[in-house]
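Worksheet: one structure, shown below.
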Number of protein chains: 2
Amino acid sequence: MEKEFFPAGNMLYPIPAVMVSCAEMATKPNIITVAWAGTVCSNPPMVSISIRKERYSYDIIKTSGEFVINLVTEELVQAADYCGVRSGRELDKFKEMKLTPMKGKLSMAPLIAEAPVNIECRVKEIIPLGSHDMFLAEVVSVAVDQRYMDDKGKFHLNQTGLIVYSHGEYYGLGKYIGKIGYSVQKPKTGKKKV
Amino acid sequence: MEKEFFPAGNMLYPIPAVMVSCAEMATKPNIITVAWAGTVCSNPPMVSISIRKERYSYDIIKTSGEFVINLVTEELVQAADYCGVRSGRELDKFKEMKLTPMKGKLSMAPLIAEAPVNIECRVKEIIPLGSHDMFLAEVVSVAVDQRYMDDKGKFHLNQTGLIVYSHGEYYGLGKYIGKIGYSVQKPKTGKKKV
């Protein structure tokens with residue numbers, strides 16, 4: 001296994017590309033697509049998103065202290081791409097992309113109704129890192145599309161058609177490989193190997 | 001679009017499940033699989049990984065101040081799953097999974113030779129959040145498998161067979177959808193729409 005060494009760079013992929021919706025008193029709601037996003041704590045549930053100071057949404061989220069992470073499906077990927085390369089200073093992304101802002105549990109930041117999952121977040125801390133500031137946030141509430149709920153109250157996230165972003169390209173989810181822990185389960189009984 | 005509201009939870013998916021390798025003076029190198037991982041800054045390139053204090057690797061990374069993020073492919077997903085549910089206190093995961101520790105640019109943390117991408121990181125700050133502590137780190141160097149380099153020095157990450165983790169399940173990458181910015185490009189010329 002021959003290795004080629006590069007200088008430091010961003011190579012942690014595939015990652016979610018998510019539409020982050022936000023609003024504050026003086027402005028229309030906006031959407032910014034973010035790939036530097038992730039879960040950082042299970043309990044309390046916390047996420048981080050990183051945004052450049054120059055971006056229109058930066059001040060909105062800083063002022064309001066709120067944002068919503070909206071997961072992106074194959075149906076929404078074109079809108080997500082658009083919301084990543086266009087600025088809310090110049091146009092109304094909800095209108096342009098025919099997306100519907102919807103009131104959730106937060107005071108100002110709306111959900112994107114068309115997304116199958118909306119993660120409502122309240123900012124706890126803003127950490128300047130360089131090109132980007134990291135918004136550390138607690139999850140306040142999670143809204144999901146009822147069409148993917150079954151009779152037993154289980155939500156089938158992986159039937160919603162989620163996409164990922166990897167090194168400049170968008171992909172759908174592919175082949176199912178296994179459940180967490182499958183490497184130590186017996187095929188039939190589900191018990192751990194001795 | 002009817003919504004069901006859940007209490008706060010972890011629903012940001014799909015995400016990378018990465019094998020994090022680490023070592024310090026007194027111990028054999030270890031591997032911990034981490035799903036709470038992401039890029040947090042482009043310049044300088046920075047990542048975060050979150051680890052529970054109880055985990056064996058927690059102290060190793062805290063002591064050494066180093067770790068390596070190794071991307072996971074379909075060939076490596078069984079090892080990654082195993083390294084997520086077993087503890088290095090009890091066994092040698094490199095040996096058990098027939099993986100090869102390889103010296104990179106860091107003093108102690110080894111690369112996993114079999115991974116197509118190794119992201120070598122130095123810890124800048126440890127932020128306690130609750131169940132998990134977040135390790136904020138700068139990327140020091142990135143090593144890639146030369147087999148995926150072309151004649152022009154371009155690395156083809158998305159030909160390596162990367163996997164993602166989504167809501168308890170592992171998936172391969174699926175259908176190619178488009179490049180970043182495709183929503184505002186003309187199909188043929190690649191110029192922006194007016």
Among rounded, prolate and oblate, which fits region B:1-149 when a ≥ b ≥ c are the square roots of the eigenvalues of its C-alpha gyration tensor, a/c under 1.5 means rounded, and a/b larger than b/c means prolate? rounded
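Can you give me the orientation-averaged projected area of the convex hull built on the Cα atoms of the protein assembly as shown, in nm²?
Working: hull surface 78.3 nm².
Answer in nm², one decimal: 19.6.
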Using the crude model of +1 on Lys and Arg Cβ and -1 on Asp and Glu Cβ, and no other charge, please compute the dipole size for region B:65-194 relative to its Cα centre, in debye to 20. 1000 debye
Relative contact order as a percentage, region A:100-170, C-alpha pairs under 8 Å and 6+ apart, gives 21 percent
Across peptide A:106-113, how many C-beta atoms of other chains are within 10 Å of each residue C-beta, on average? 1
Under a straight-distance cross-link criterion of Cα-Cα below 14 Å, which aspartates and glutamates are reachable from B:K105, leaving out those fewer than 8 residues away in the same chain? A:E4, B:E66, B:E120, B:E138
Give me the distance in nm between label points sitting 7 Å out from Cα along the Cα-to-Cβ direction at B:F6 and B:S87, one decimal. 2.8 nm
Other-copy label distances relative to A:D151, 7 angstrom Cα-Cβ extension, nm: 6.1
For region A:85-109 and region A:1-43, what is the separation of their Cα centres, given in Å? 18 Å
If one builds a Gaussian network model of chain A from Cα atoms under 10 Å apart, the most fluctuating residue listed among A:P14, A:P110, A:P44 is A:P44
Backbone HN-Hα couplings from phi across region B:64-80 [Karplus 6.51/-1.76/1.60, Hz, Gly and Pro as x]: 7, x, 9, 7, 10, 8, 10, 6, 10, 10, 4, 5, 9, 5, 5, 5, 5
Among A:D92, A:D59, A:D151, the residue with the largest mean-square fluctuation in a Gaussian network model of chain A built from Cα contacts under 10 Å is A:D151
Compactness ratio of region A:12-63: Cα Rg over 2.2 N^0.38 Å, N = residue count? 1.24
Could you identify which residue out of B:K103, B:K152, B:K95 has the top mean-square fluctuation in a GNM of chain B using Cα springs shorter than 10 Å? B:K152
Hey, what number do you get for the protein assembly as shown at 222 nm if only DSSP H runs of n ≥ 4 count, each worth -39500 (n - 2.57), divided across all residues, to the nearest 500? -3000 deg cm²/dmol
Per-residue Cβ neighbour rank within 10 angstrom, fewest leading, A:R52, A:R89, B:R86: A:R89, A:R52, B:R86
Would you kindly work out, in nm and rounded to one decimal, the distances from the label point of B:K28 to those of the same position in each other copy, ordered shortest first, with label points 7 Å along Cα-to-Cβ? 6.1
Sorted shortest first, the nm distances from the A:F6 label point (7 Å along Cα→Cβ) to its counterparts in the other copies are 3.4
Among the listed pairs B:K152/B:K175; A:K103/B:K179; A:K62/B:K124, those beyond 29 Å (Cα-Cα): A:K103/B:K179
If you project the alpha carbons of region A:60-118 onto their three principal axes, what span does each projection cover, largest first, in Å? 28, 27, 16
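We did not get these values from a lab; they are worked out from the coordinates using the rules stated. Since we're looking at a predicted model, the values are computed, not measured. Every residue, glycine among them, receives a Cβ derived from its backbone with ideal geometry; neighbour counts consider all protein chains shown.
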